[in-house]
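First the structure, in the form of structure tokens, and then the observations on it.
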Amino acid sequence: MILKFEKRGGEMERLNPRTLTEMAEKIAPSLAVRFSDEVKPGEPAEQYHLLVCGAPGCHATRSLQVMERLRQEITLRNIREKALVVETGCNGFCAKGPVMTVYPGGVFYQYLRPDDAVEIIEEHILKGAPVERLMYKDQATGRPIPKMKDIPFFSLQKTIALRHRGLIDPEKIEDYIGRGGYQAAAKALTEMTPEDIIRELKASGLRGRGGAGFPTGMKWEFASKSEGPIKYVCCNADEGDPGAFMDRSVMEADPHAVLEGMIIAAKAIGAHHGYIYCRAEYPLALRRLSIAMDQAKALGLLGEDILRTGFHLDLEIYQGAGAFVCGEETALMTSIEGKRGIPRPRPPFPAQKGLWGKPTVLNNVETYANVPQIIANGGLWYASLGTEKSKGTKVFSLTGNVNNVGLVEVPMGTPLSTVVLEIGGGIKGGKKFKAAQLGGPSGGCIPAQHMDVGLDFESVTAAGAIMGSGGLIVMDEDACMVDVARFFMDFCKDESCGKCTPCREGTKRMLQVLERITKGHGKQGDIELLEELASFVKDASLCGLGQTAPNPVLSTLRYFRSEYEAHIGEQRCPAGVCTALVHYEIDPEKCKACGMCKKKCPVDAIEGAPKVVHKIIQEKCIRCGTCYEVCPKKFSAILRT
Amino acid sequence: MNQMKLRERLLEEFSQEDLERVGKIFERYRGKPGALIPVLEEVQAVTGYLPDLLQEWIAVGMNVPMARVFGVVTFYSFFSRVPKGRHQIKVCLGTACYVRGAGKILERLESELGVKEGSVTPDRKFSLQSLRCVGACVLAPVMMVGEDTYGQVQPEKVKEILATY
């Protein structure tokens, strides 16, 4: 049974705190199935909910087709009362996509193909016999692990910001309300003063999840104390760090949590207007946010007279136009004002003079998503998680050369090794862990010898990286750290807005030096020159982009200085990445003339024939490494030096 | 250039209906603070790109200085002053894609199409651009053709993918 909005005279009924609770109580039983662990083997349950992941990762591996087939098979067998297919937001275990969880029981299925629908419906839904073949397999034993909660990837996580991931339909406000949604907003609007809210936030120890880690309660207090009839509440959804998709997933999986957090913030500071600044690269997040806003408005949860308390808040979505620097708070506000997104010096801080010169609170998506939970459960509950100075949990997008790529939420202070090796399931292809890159272009690399570092603001900073927004990119032994540093510097040079000279010119000069090194033209003294430039750019830049741009260089120099020295002194790239410094040859002893390399070489630089040992024509070779990769392992005839 | 002449010149590139739709966008946003970026986004959705003449038209229509329009257009990577191909190819050069070989995908596309990143083939069939992270890091390396996303792309697959368009 799916409940519809209650309507009176064709109009949606605008909720008040009492009717909101009534509505939640009515909906909750229809969702109870999704929280039930109970299964009796061989005995089909009365009703099943099939929760299919509808995030872009799973979409690209055809989860929409899987859903369509499931629905077809259900209609065909006329069992629509028995099985409900729900498209949820990101489930988190992206590596196994398309994924689906079936409740009751929480059976997790992976790598689904549309054709698997028949077996799932026939066996699991109709006979109560889950399909083993499609389950997750234990990495060590190869045995299937049926329940999602028993899979290490999930069991080691603690979800607050992602508490609804894979469990609700983000396009249905009923699902959110049925899970207690908007109760925290109701509490904040009816029972709490702005001071109460701020006190609770301060007690929670919540710090900004966008990267800087500024205490949220203090930020709100400043804005609350700023005088003025007009104030703004803004949400930074301009998640620009390459390799980061936490905020996108939160918006796609649980958009109402973000809206509710913003309502609470607005009440705390006395704002009646707000913006969500979301990047254009996230069409699905933009769409789901806009659906959520329409639904919230229709029920009187946004706009005029919210929950009939007299409080009003208008929110607008502002679509970014592709500029990394707009993730910086003052640049973001300048962009909303319709100008080039250029930062300005602080003070004055946005809490005093922000958007259009008015007091403004700007928080990141993940920060807002935590707020309703803090108000509902109390600040002390939140503060019981995490470390002394970093409270609560943090969401990471775990990517790169790790087996279990996906979205991870863990208590602050969880060791990096737990995230990479246990949750992440170790390095792809049995290779060695080299470093984890945290914090995007402003961050740094944590090498293997510091793998036990706790992931919290203080420890990560001490290890030479930054927490950043939560992008965690795992690199294996094949990564060249000089090239990684060059990659990030190239990014910062491109994205530097050009306003201040240290950043505009400094990043460019640093890039030139790095390019020179990776091309084999490095000179003695280049490392020292990089260090000198780095300290200059760090100290003299206007905003966070420039102040942190040298971090990738400094952290790789700190831990992988010998790689720089090998590039400069010996003209050698130890990882074999920098094409100008590598050289490929075929070992005539080992070559079995299988022709694989000749066939795959993109520039026809390999000569040979069946039964004739192959040879690389060095003048033609572009050193792409294709031959090295395609040469069968048992021969390993390509030599890379 | 006066408005009549500007309009005539624009009609050489864009249809009458397109210009009317653009005019409606102006009406909807005129006088609204901070409207320039949404206006440019919507106009580009109609016309495909924002050549300098069209920017002049926008400056007049929105009553803002041309310098301001040009400044904004050139600042944000989402706006393009050159036409796009019928199929827009985007290669993600975000970190996750980069460490898994996206640079080689881009190189291969450049050699297959015979154009450099940031430009369009002479027949305007394909345009090629790189971008930083589409947030589909799990599929790295990723390329997009129009709305289609291709994950775990190998350089050898590039030719095959292009052939389907």
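Overview of values
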| item | result |
| --- | --- |
| Checklist (1) buried (at least 19 other Cβ atoms within 10 Å of the Cβ); (2) farther than 27 Å from A:ILE622 by Cβ; (3) out of contact with any strand residue (DSSP E or B) (no Cβ under 8 Å at 6 or more places or on another chain) applied to B:PRO155, failing item | (2) |
| Strands (runs of 3 or more DSSP E) fully within the stretch A:582-641 counting 1 or more residues that are on the phi > 0 side of the Ramachandran plot | A:606-609 |
| Members of the stretch A:466-478 that are crowded, with 24+ Cβ neighbours inside 10 Å and either within 13 Å of chain B (Cβ to nearest Cβ) or at positive phi (or both) | A:GLY468, A:SER469, A:GLY470, A:GLY471, A:LEU472, A:ILE473, A:VAL474, A:MET475 |
| Hits in the stretch A:487-510 - residues which are surrounded by fewer than 22 Cβ atoms within 10 Å (Cβ to Cβ), part of a helix (DSSP H, G or I) and more than 11 Å from chain B (Cβ to nearest Cβ) | A:LYS493, A:THR501, A:PRO502, A:ARG504, A:GLU505, A:LYS508, A:ARG509 |
| Any hit, the stretch A:419-434, residues being away from chain B (no Cβ under 14 Å), assigned to a loop (DSSP other than H, G, I, E, B) and surrounded by 24 or more Cβ atoms within 10 Å (Cβ to Cβ) | no |
| Qualifying residue in the stretch A:308-324 (condition: under 21 Å from A:ALA186 (Cβ atoms) and in a helix (DSSP H, G or I)) | yes |
| Any hit, the stretch A:528-535, residues being more than 14 Å from chain B (Cβ to nearest Cβ) and over 30 Å from A:ARG344 (Cα atoms) | yes |
| Which numbered condition A:ASN91 fails, given (1) in a loop (DSSP other than H, G, I, E, B); (2) under 23 Å from A:ASN78 (Cα atoms) | (2) |
| Filter result (touching a Cys at 6+ places or on another chain (Cβ under 7 Å) and modelled with pLDDT under 95) within the stretch A:59-93 | A:SER63, A:CYS90, A:ASN91 |
| Options A:GLY217, A:GLY178, A:GLY213: the member that is closer than 22 Å to A:THR309 by Cα and either in contact with a Lys or Arg (Cβ under 6 Å, 6 or more places away or on another chain) or surrounded by fewer than 24 Cβ atoms within 10 Å (Cβ to Cβ) (or both) | A:GLY178 |
| Complete set of residues in the stretch B:119-140 that are touching a residue at least 12 places away in the same chain (Cβ under 8 Å), part of a loop (DSSP other than H, G, I, E, B) and more than 10 Å from chain A (Cβ to nearest Cβ) | B:THR121, B:ARG124, B:LYS125 |
| Candidate set: the stretch A:325-348, residues that are facing chain B (nearest Cβ under 10 Å), part of a loop (DSSP other than H, G, I, E, B) and touching a Ser or Thr at 6+ places or on another chain (Cβ under 8 Å); chosen: the one farthest from B:VAL64 (Cα to Cα) | A:ILE342 |
| Sole exception among (1) within 14 Å of another protein chain (Cβ to nearest Cβ); (2) assigned to a helix (DSSP H, G or I); (3) touching a Cys at 6+ places or on another chain (Cβ under 8 Å); (4) surrounded by 24 or more Cβ atoms within 10 Å (Cβ to Cβ) for A:VAL250, by number | (3) |
| Every residue from the stretch A:100-151 that is among the aliphatic types (A, V, I, L, M) and under 16 Å from A:LYS82 (Cα atoms) | A:VAL102, A:ALA117, A:VAL118, A:ILE120, A:ILE121, A:ILE125, A:LEU126, A:ALA129 |
| Residue that is farthest from B:LYS159 (Cα to Cα) [pool: residues in the stretch A:589-603 that are surrounded by fewer than 18 Cβ atoms within 10 Å (Cβ to Cβ) and among the basic types (Lys, Arg)] | A:LYS590 |
| Matching residues in the stretch A:301-317 - criterion: being without any contact (Cβ under 8 Å) to a residue 60 or more places away in the chain and within 13 Å of A:HIS273 (Cα to Cα) | A:LEU302, A:GLY303, A:GLU304, A:HIS312, A:ASP314, A:LEU315, A:GLU316, A:ILE317 |
| So A:GLY228, is it within 24 Å of A:PHE349 (Cβ to Cβ), in a loop (DSSP other than H, G, I, E, B) and at pLDDT below 95 | yes |
| Single unsatisfied condition, A:LEU289 versus (1) away from chain B (no Cβ under 14 Å); (2) within 30 Å of A:GLY57 (Cα to Cα); (3) touching a Lys or Arg at 6+ places or on another chain (Cβ under 8 Å) | (3) |
| Which numbered condition B:LYS125 misses (of (1) among the basic types (Lys, Arg); (2) surrounded by 21 or more Cβ atoms within 10 Å (Cβ to Cβ); (3) modelled with pLDDT of 90 or more) | (2) |
| Scope the stretch A:604-641; condition surrounded by 13 or more Cβ atoms within 10 Å (Cβ to Cβ) and within 13 Å of chain B (Cβ to nearest Cβ); matching residues | A:ILE622, A:ARG623, A:CYS624, A:GLY625, A:THR626, A:CYS627, A:TYR628, A:GLU629, A:VAL630 |
| Filter result for B:VAL158 (more than 8 Å from chain A (Cβ to nearest Cβ) and either over 16 Å from the mean Cα position of the chain (by Cα) or outside any loop (DSSP other than H, G, I, E, B) (or both)) | yes |
| From the options A:TRP381, A:TRP356, residue that is in a helix (DSSP H, G or I), at positive phi and not charged (D, E, K, R) | A:TRP356 |
| Number of the condition not met by A:VAL537 [criteria: (1) surrounded by 22 or more Cβ atoms within 10 Å (Cβ to Cβ); (2) assigned to a loop (DSSP other than H, G, I, E, B); (3) among the hydrophobic types (A, V, I, L, M, F, W, C)] | (2) |
| Residue selected from the stretch A:106-130 under the condition touching a helix residue (DSSP H, G or I) at 6+ places or on another chain (Cβ under 9 Å) and within 14 Å of A:VAL39 (Cα to Cα), by the criterion surrounded by the fewest Cβ atoms within 10 Å (Cβ to Cβ) | A:ALA129 |
| Hey, A:GLY357 of a type outside the set (S, T, N, Q), out of contact with any Gly (no Cβ under 8 Å at 6 or more places or on another chain) and within 14 Å of chain B (Cβ to nearest Cβ) or not | yes |
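Yes/no matrix, rows are residues, columns are (1) of a type in the set (Phe, Trp, Tyr); (2) surrounded by 15 or more Cβ atoms within 10 Å (Cβ to Cβ); (3) assigned to a helix (DSSP H, G or I):
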position: A:PRO29; (1), (2), (3): no, no, yes
position: A:ASP37; (1), (2), (3): no, no, no
position: A:ARG69; (1), (2), (3): no, yes, yes
position: A:GLU87; (1), (2), (3): no, yes, no
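The values are calculated or read from the model by the stated rules, or taken from the named source; none is laboratory data. Bear in mind the structure is a predicted one, so any value in this text is a computation, not a measurement. We place every Cβ from the backbone using ideal geometry, glycine too, and count neighbours over all the protein chains shown.
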